[in-house]
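Everything on this sheet refers to the single structure shown next.
The values are calculated or read from the model by the stated rules, or taken from the named source; none is laboratory data. Since the model is a prediction, treat every value here as computed from it, not as a measurement. A quick note on method: Cβ atoms are made from the backbone with ideal geometry, for glycine too, and the neighbour counts reach across all protein chains shown.
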Amino acid sequence: ETHKETLGFQAEVQQLMKLMIHSLYSNKEIFLRELISNASDASDKLRFEGLTDEALYENDSDLKIRISFDKAARTLSISDNGIGMSRSEVIENVGTIAKSGTKEFFQSLTGDQAKDSHLIGQFGVGFYSAFIVADKVTLITRRAGLTKEHGVCWESGGEGDYTLETVEKETRGTDVILHLREGEDELLSGMRLRGIIRKYSDHITLPIVMKKEEWDKDKSENVVTDEDETVNQANALWARPKNEITQEQYEEFYKHVAHDFEPPLAYTHSKVEGKQEYTQLLYVPSRAPFDLWDRENRHGIKLYIRRVFIMDDAEQLMPYYMRFVRGVIDSNDLPLNVSREILQHSKDIDAMRIGSVKKVLSMLEDLAENHKEKYATFWKEFGLVLKEGVGEDFSNKERIAKLLRFASTHTDTDAQDVSLEDYVSRMKEGQDTIYFVTADSFAAAKNSPHLEIFRKKGIEVILLHERVDEWMVSHLTEFDGKSMKSVAKGDLDLGKLQDESEKAELEKEADEFKELTDKIKEVLGDKVKEVRTTNRLTSSPACLVAGAQDLSGNLERMLKAAGQ
Ligand code: ADP
Ligand code: MG
C-alpha cells in the first residue's frame, strides 16, 4: 500500500515561503544554488555515515549531482545519490522548520518587506526557494540503508499542504523535480543552467553533471545527447592556489558552507606546512546568525581530511568564543576514520585549533587596523562573543584584549569604539590604572555618581553595561602592565593623580565627620560594612561602594535577578 496522506505545513513554513517568493524574485536563480547545496550536503552526510557503515554505499560510491530538464513537461530536476531521507525525516525537514533560531527569526519580522527580505537571507532560504520558480515541487527520496520499497514521494504546490506517499525507488538519494511556473521557461535551457551552475556552484566538490548538447542542423537548435559532462570545476576550492580564486568564488563558497545569503565580512585562506600540514579557509560573517546564543546548534567548521569531507560543526576545531567563524579545515595528517571521540583527544586537532585561532585573530587585527568600518560591523555583531574569549582563552588574552572596544567618558556616547590602547595613550601623567565602571545600562554607567571625581579631574573611565562585562573584567585584571580597576570598588586611591594637600584634606574630613559617619553606621547596622567620607563625590551626597574583594553591586543585582 502506498499510504498516501496529506499534511499541513507548519504555519511558519507558509509565512516563510510567501516572504521568500516575494522578496527574492529579483534574484530567483539562487534556488538552484540552494538545491545543489542540499544535494552536496546530503552526499557529505553519506560519506560521514559511510565511514562506519560501508554498506550504505550499496556498491555505488561514485557520488554526483545531476541536473536535467524536460522541455515538453516543463520540469527541471536536481538529483543526488547522497544520504536521502526516510518518511519521518521528510516530514521533519521539508514540512516544518526545525532550525534553531526559528523563534527569534519570526519574532524579528516586521511586516515591512524590504526589511524582512534582509532577515530572510540571514535566516537561510534553503529548500523552499524552489517555489520561487516552481508552482509544484515533487521530491522523491530514499534513505541510504533502507530497501527500495521505502521510497517517499513528497509533493506540494507551496500553499498550505503537501502530500506524502510511499513509493519504490531503486537508487538511494533524492530527486527534486520542479514544475516551473508560467513564464519561467528560460530555465529550460542547457546554456542558461550551465551559466547559473558555474556562477553559484562551481566550488561544489562533487561533479555536477548534465547531458552534453549538440547543435542539430536540421532543427536549428541544441539537442541533448546521451553523454554526461561535468559542468563545475569539481575540485576543492580551498586546495586551489589563492591567485586562481576570484573574490566571487570565495563568496559563493562561503554562502554554501555558512548557509548564508550575504557575502562574508572577511576571510583568511592559508596552507600550513611543516610538522602539521593543513589548509584553512575561514570566514567571518557580516551578520550574527539567529542561533548565535543557542548553545545547541551551530554551523561552524567543516573538517576535511585530504579533500574528503569528514564532518560538520567540528567543535574541537574552534573555541566557543569563536563560534561565529565559518569555513573549512582540511588536514593532511589525520586518518580518514576519525570519530568525534578521537577528535577530542587528538594532538593534531589541538595544533590545528591553536593555529586557526591565531589566523582568526590576525584577520580581526587586520580589520581593526586597516578596515575600521568593517571592524565596527564585526564588533557590533560579534563583540559580545569575543569578550567571552578574555576568560576562555588564557594564551591569547592580550591579543583579544587589544581587539575589545568600549564606550568611555572620553566621548560619553554609547558608541563602542575605544580600545584599551586608545585609553592608555590618553592616560594622565602619573596615572597607572585603567578605570572602568559597570552598570546594567549605558545610562546608569554614564550617570554613575562614582564618576564624579574622575570627571572633575578629567580622567577617562570605561563605561561597561553588558552582562558579560562583569565576567570579563574579573578575568581582565590588567592590560599593558596597568591594572584595571572598578571605580565603584574598595578604597579609591588615585595615587599620584591626587596631590598631598588633597590627601591631607581627606584625612582631616574623616576626623571631622567621624561622629556623623559613626552615627550613620549605628543606624544602618548590619546593612553596611563601613561608613566613611570620600573623595569620590563632587555633587552627590552619598554612594554605595563594594569592598575591594566583594562582588560588585551590579553583579550582585544581576545574580539576584537570576535568582541566585
Ligand atoms: P539547510 O540546508 O540550511 O539545513 P534547507 O531548507 O536547504 O536548509 O534544507 C532543509 C533540510 O532538508 C536539510 O537540512 C536536509 O536535512 C533536508 N534535505 C534537503 N534537501 C535534501 C537532499 N537533497 N537530500 C537529503 N536531505 C535533504
Ligand atoms: Mg540548504
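Which members of segment 245-262 meet the condition of being of a type outside the set (Lys, Arg), within 13 Å of the chain's Cα centre (by Cα) and in a helix (DSSP H, G or I)?
Correct list: Tyr254, Val257, Ala258.
Can you tell me which of (1) over 18 Å from His259 (Cα atoms); (2) hydrophobic (A, V, I, L, M, F, W, C); (3) buried (at least 19 other Cβ atoms within 10 Å of the Cβ) is the one Ala114 doesn't meet?
Just one mismatch for Ala114, condition (3).
Filter segment 125-166 for residues that are away from ligand 1 (no atom under 16 Å from the Cβ) and farther than 28 Å from Thr102 by Cα; which is surrounded by the most Cβ atoms within 10 Å (Cβ to Cβ)?
The residue in question is Thr166.
Only one of these is farther than 25 Å from His256 by Cβ and in contact with a helix residue (DSSP H, G or I) (Cβ under 7 Å, 6 or more places away or on another chain): Gly157, Gly145. Name it.
Gly145 is the lone residue from the list that is farther than 25 Å from His256 by Cβ and in contact with a helix residue (DSSP H, G or I) (Cβ under 7 Å, 6 or more places away or on another chain).
Being at pLDDT 90 or above, crowded, with 17+ Cβ neighbours inside 10 Å and closer than 30 Å to Val231 by Cβ narrows it down to one of Asp80, Asp70, so name that one.
Of the residues listed, the single one that is at pLDDT 90 or above, crowded, with 17+ Cβ neighbours inside 10 Å and closer than 30 Å to Val231 by Cβ is Asp80.
Going residue by residue through segment 339-357, is there one that turns out to be farther than 30 Å from Lys446 by Cα, without any contact (Cβ under 8 Å) to a residue 60 or more places away in the chain, in a helix (DSSP H, G or I) and of a type in the set (S, T, N, Q)?
yes
Quick grid of which residues meet (1) touching a Leu at 6+ places or on another chain (Cβ under 9 Å); (2) more than 28 Å from Phe309 (Cβ to Cβ):
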| position | (1), (2) |
| --- | --- |
| Leu35 | yes, no |
| Asn38 | no, no |
| Glu54 | no, no |
| Thr75 | yes, yes |
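Take segment 307-332 and flag every residue that is farther than 16 Å from Gly389 by Cβ and at pLDDT below 90.
Scanning segment 307-332 gives Arg307, Val308, Phe309, Ile310, Met311, Asp312, Asp313, Ala314, Gln316.
Can you go through Gln113, Gln107 and tell me which one is free of Cβ contacts under 8 Å to residues at least 24 places away in the same chain and away from ligand 2 (no atom under 15 Å from the Cβ)?
None of the others qualify; the one that does is Gln107.
Identify, by number, the condition in (1) touching a helix residue (DSSP H, G or I) at 6+ places or on another chain (Cβ under 6 Å); (2) within 30 Å of Asp53 (Cα to Cα) that Leu303 doesn't meet.
Condition not satisfied by Leu303: (1).
Got a number for residues in segment 263-286 being more than 12 Å from the chain's Cα centre (by Cα) and in a loop (DSSP other than H, G, I, E, B)?
6
Among the residues of segment 205-224, is any surrounded by fewer than 13 Cβ atoms within 10 Å (Cβ to Cβ), more than 17 Å from Ser77 (Cα to Cα) and in contact with a His (Cβ under 8 Å, 6 or more places away or on another chain)?
no
Taking segment 173-204, which residues are surrounded by fewer than 21 Cβ atoms within 10 Å (Cβ to Cβ) and at positive phi?
Residue satisfying the conditions is Gly183 alone.
Being within 26 Å of Thr246 (Cβ to Cβ) and at pLDDT below 85 is the requirement here; does His269 meet it?
When the stated conditions are applied, His269 does not pass them.
Select, from Arg74, Arg87, the only residue that is touching a residue at least 60 places away in the same chain (Cβ under 8 Å), away from ligand 2 (no atom under 16 Å from the Cβ) and on the phi < 0 side of the Ramachandran plot.
Only one candidate qualifies: Arg87.
Looking only at residues that are surrounded by 14 or more Cβ atoms within 10 Å (Cβ to Cβ) and either touching a His at 6+ places or on another chain (Cβ under 8 Å) or polar (S, T, N, Q) (or both) in segment 389-406, which one is farthest from Lys456 (Cα to Cα)?
Asn396
Among the residues of segment 20-57, which ones are of a type in the set (Asp, Glu), in contact with a helix residue (DSSP H, G or I) (Cβ under 8 Å, 6 or more places away or on another chain) and within 16 Å of ligand 2 (Cβ to nearest atom)?
Glu29, Glu34
Conditions (1) more than 28 Å from Glu262 (Cβ to Cβ); (2) hydroxyl-bearing (Ser, Thr, Tyr), marked per residue:
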| site | (1), (2) |
| --- | --- |
| Tyr283 | no, yes |
| Phe290 | no, no |
| Asp294 | no, no |
| Ile301 | no, no |
| Arg307 | no, no |
| Glu315 | no, no |
| Asn332 | yes, no |
| Glu341 | yes, no |
| Phe378 | no, no |
